1. What is the sum of charges, Lys and Arg at +1 and Asp and Glu at -1, for the other residues whose Cβ falls under 13 Å from the Cβ of R5?
2. If contacts are Cα pairs under 8 angstrom and at least 6 residues apart, what is the relative contact order of the chain in percent?
3. For helix 25-36, report the angle its Cα long axis makes with the longest principal axis of the Cα atoms of the chain; keep it between 0 and 90° and round to the nearest 10°.
4. Short version: ³J(HN,Hα) in whole Hz for each residue of segment 43-52, in order, from phi by Karplus 6.51 cos²θ - 1.76 cosθ + 1.60 (θ = phi - 60°), x for Gly and Pro, what are they?
5. Which of the chymotrypsin sites (Phe, Trp or Tyr not before Pro) across segment 1-48 are loop residues per DSSP, with 16 or fewer other Cβ within 10 Å?
6. Go through segment 4-20 residue by residue and turn each phi into a ³J(HN,Hα) via Karplus (6.51, -1.76, 1.60, θ = phi - 60°); whole Hz please, and just put x for glycine and proline.
7. Apply the a/c threshold of 1.5 to the C-alpha gyration tensor of the chain and tell me whether it is rounded, prolate or oblate.
Amino acid sequence: MDIIRIIVAILLPPLGVFLQVGFAGAFWLNILLTLFGYLPGIIHAVWIIARR
């Protein structure tokens, strides 16, 4: 299941984080990072998924 979440995180970083943590603070942080730049959003999403 983590492989699917990582693929989703690469395509849509906030969705990947949402699938992992729900509406927690990491989700809102990821939305901000994705708005500032797509690459920081991807890095954060993959990190959140790999950490848990």
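1. Net local charge, R5 excluded: +1.
2. 40 percent
3. Roughly 50 degrees between the two axes.
4. Here the 3J(HN,Hα) series is 4, 5, 5, 5, 5, 4, 5, 6, 6, 9 Hz.
5. For chymotrypsin sites (Phe, Trp or Tyr not before Pro) across segment 1-48 that sit outside H, G, I, E and B with at most 16 neighbouring Cβ atoms in 10 Å, the list reads F23.
6. 5, 5, 5, 5, 5, 5, 6, 7, 9, x, x, 5, x, 5, 4, 5, 8
7. It comes out oblate by the Cα gyration axes.
Read-outs: derived from the displayed coordinates by stated rules, not from any lab. Computed from a predicted model, the values in this text were never measured in an experiment. Note: ideal-geometry Cβ built from the backbone for every residue, glycine included; neighbour counts use all protein chains shown.
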